[in-house]
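A short write-up of the structure that comes next.
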Amino acid sequence: MNYPKSQDRTKAGRALATSQTLLTALKTPHRVTEFSLDEWSLLIRQAQRTKLLSRIAEQSKEHGTFDQLPFKVADTLQGALYMGSNNRRMIDWEIKSIQRALVEVDTPIVLLKGGAYVVAGLPAANGRIANDIDIMVPEPKLLAVEAALLAQGWSEIKFSDYDQRYYRKWSHELPPLRHEMRKTVVDVHHTILPRTSRLKPDTDKLWQHAVDVPGTGVKTLGPQDMVLHSSAHLFQDGEVSFAIRDLVDLVDLLRHFGAEPGFWDGLVDRAYEHQLQRPLYYTLRYGQMLLDLEVPDVAAQAIAAAAPAKPLANMMDRIMPRVLLPDDPNMPSITRGHAASLLYLRSHWLRMPPWLLAGHLTTKAVMQLYASYLQWREEEELEEEDTEEEEAY
Amino acid sequence: MNVGNLNPDTFAQTLASTGITVRCGPFVTRIISELPELTAPIQLLYSEFPIIEDSLVDFHVRVKAKSGLSHRLRSHITFTLDREEAFFPFHRSLALPLFEWGMNWCVYGNAHQFEMIHGAAVQRGKQTLMMPGVSGAGKSTLCAALVSRGWRLLSDELAIWRPGEDVILPLARPISLKNYSIELMKSFAPNETFGPYFGNTAKGALAHMRAPRESVRKMDEPSAPTHIIFPRYTAGSGPELEAVSKRDAFVRLSEYALNYPVHGKEGFNSLVDMIEKCDCYDFRYSILDDAIRAFDELS
């Protein structure tokens, strides 16, 4: 297996070598006609792992490269195309079903994340595979919404009693509800980050700027809020491992909305209003680094202040790309696994309320974290040496 | 170079290290396994299949012991597709059944460029029969019997075609036989090759019959179904072919569809087109020879 040799001599750069084909396909879709069968083999597996194959397939159709692809590649992409359009159909249907179920409740409904992309016809919807629908309703309507859904075919996913209590008390949502027949899941939120999170987005402002989607009866968040929510979901709240697709969606949103006047101007300020400047910083930084996102100078300067302190910023620069991106399916990387664990711990850290956090912040815990980081760095050095030997094979 | 041409030691070593890449119809599967109990059965049952280099691999598959204790002590094994486990772990005495179920799972879980029916498909001359049915209805036994009497095996489990096309693509993989069928087939077709016997799977006793060489040789010759036959083994029944309306056939066939919703309207139309070109029947039987004769007389 011959990987393109990265010109970037930094550790992060070399580690990204196995993702080069995937990133090239995402950034410059017309270049997929240049890929060898080996490169396609790697790309398909990595795209499957990161749920990006449908997107790559749709891009191939859009850019007119599909018919030039080797037969088996096109055949595989065809399967992904069907999955993508099926998923979209399913989401459309789910949204309508949820609306029908809630018609008596008289509540505004904001669609979040993938549901929003689909209902608003955004480019980010193309080739996206999602399983759950996320909606936001005003907090006072939460119980009525739950009752209506439970009465019309949804039921609670069986968690332990402890988890149920956790969800209701600490989280920002009802427990997810699954439709008994269709097996689809709806997550009902009343705000966009866990109640326990130290960041407190301004929910009233979210509602003020929510946008009606013409002809549907549902809303989406305003463009800037949509970007901020997705940023928070990726870098603050959610599972980062292999989540490169979420960053791809964000870059899509930024490019789509960025074409409208006024979008970039207020974006950073808006982030500060919601206390979401740090996730936005990461979105812009890794969007630029990995996907060639063009950030206007004014915004770039304004967001610089939201960067973490140098040591943390450096650590994140080394870890985050590797964790977002897939590794080589033939040689899964152990150090990537460690890095992913570190970030997983971080996301839990961030979910805890400050007083719980204080209880955990013993010296021992901090030292242990730091020791893990040092061990990870050491293993990374060793792995680089192994990789170089292996490339000879 | 076919799977059967390799020296058994070489086969075992390659299977355990870089893996053996095999093509069954449209699917290229790279198999890696260090389990000694898997080597000989795979080489036997897949002996006629070509070993492939330089192709895009559809499925990267491993069957291996659960990690932990030393290799010889590990009693449970897993089937992984690209490192994701397909089922819960099996006992290693069921390595071949796990492998076969896994290979099926790869297709019906992932190959959505195809429409897929849970059913058998065989061909002879101008007739191509699609026989939908879940395990236990007798389709695999009937399929094995027909195949041992000159019909070509397309598949015993998965009838697949591309939406918009009307031809079923062969896979020609081993036919799985259960319980009473195993002894029955061994006496009905003593010249066929059978894999090892497994007495205690979740579905009862299990053994596999290898596809005839001709069927494997012709795995690149798809064919358009002419008959859709719903088989049902019924103790004491003489052979009865009863016509089924196309409308009923559609409803029943779609119940055996493994990925019907995925193709939306295109899938619906494709299924309709296929049925329009077929004669559709219920078929009850109890004696295999009767069944063979009845199918000989199909026009």
| task | Report, to two decimal places, the Cα Rg of segment A:33-159 normalised by 2.2 N^0.38 Å (N = number of residues). | result | 1.35
| field | Principal-axis tilt of helix B:36-45 within chain B, Cα atoms, nearest 10 degrees | value | 40 degrees
| message | Please arrange B:V167, B:V134 by how many other C-beta atoms lie within 10 Å of their C-beta, fewest to most. | response | B:V134, B:V167
| Cα-based Rg of segment B:9-137 normalised by 2.2 N^0.38 Å, two decimals | 1.14
| query | How do B:7-13, B:79-85, B:221-227 rank on mean C-beta neighbours within 10 Å, highest first? | reply | B:221-227, B:79-85, B:7-13
| Looking only at other chains, what is the average number of their beta-carbon atoms within 10 angstrom of each beta-carbon in A:78-88? | 4
| query | Straight-line reach from A:K141: which lysines have Cα under 25 Å away, leaving out those fewer than 8 places along the same chain? | reply | A:K96, A:K113, A:K158, A:K169, A:K183, A:K200, A:K205, A:K219
| query | Can you tell me the Rg and Dmax of segment A:314-354, counting just the alpha carbons, in angstroms? | reply | 11.8, 42
| Hey, what's the Kirkwood Rh for chain B if you take every pair of different alpha carbons, in angstrom? | 19.7 Å
| said: Can you sort B:E297, B:E34 from fewest to most other Cβ atoms within 10 Å of each residue's own Cβ? | reply: B:E297, B:E34
| query | What Kirkwood radius, in Å to one decimal, follows from the Cα pairs of segment B:238-299? | reply | 13.2 Å
| query | Taking B:K277 as the anchor, which lysines have their alpha carbon closer than 22 Å to its alpha carbon, excluding any fewer than eight residues away along the same chain? | reply | B:K126, B:K139, B:K246, B:K265
| said: With 10 angstrom as the radius, rank A:D212, B:D290 by how many other C-beta atoms surround their C-beta, starting from the fewest. | reply: A:D212, B:D290
| remark: Checked segment A:195-272 with the C-alpha gyration tensor, a ≥ b ≥ c its square-rooted eigenvalues, rounded below a/c of 1.5, otherwise prolate if a/b is larger than b/c and oblate if not; verdict rounded
| request: Would you kindly derive the ³J(HN,Hα) couplings of segment A:291-304 from the backbone phi angles with the Karplus curve 6.51 cos²θ - 1.76 cosθ + 1.60 (θ = phi - 60°), listing them in order in whole Hz, with x for Gly and Pro? | output: 10, 6, 5, 9, 9, x, 3, 4, 5, 4, 5, 5, 7, 4
| said: Let me check I've understood the local charge: for B:V216, count other residues with C-beta under 15 angstrom from its C-beta, Lys and Arg +1, Asp and Glu -1. What total comes out? | reply: +1
| query | Where in segment B:137-162 does the amide nitrogen come within less than 17 Å of the point 7 Å from the Cα of B:E221, taken along Cα to Cβ? | reply | B:147-155
| Taking a quarter of the surface of the convex hull around the Cα atoms of the protein assembly as shown, what do you get in nm²? | 33.8 nm²
| task | Return the inverse of the average 1/r over all pairs of distinct C-alpha atoms in segment B:83-191, which is the Kirkwood hydrodynamic radius, in Å to one decimal. | result | 15.0 Å
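Laboratory data are not the source of any read-out in this text; all were calculated from the coordinates shown. What you see is a predicted model, and the numbers here were worked out from it, not measured in a lab. Because the Cβ atoms are built from the backbone with ideal geometry, glycine has one as well, and the counts that use them run over all protein chains shown.
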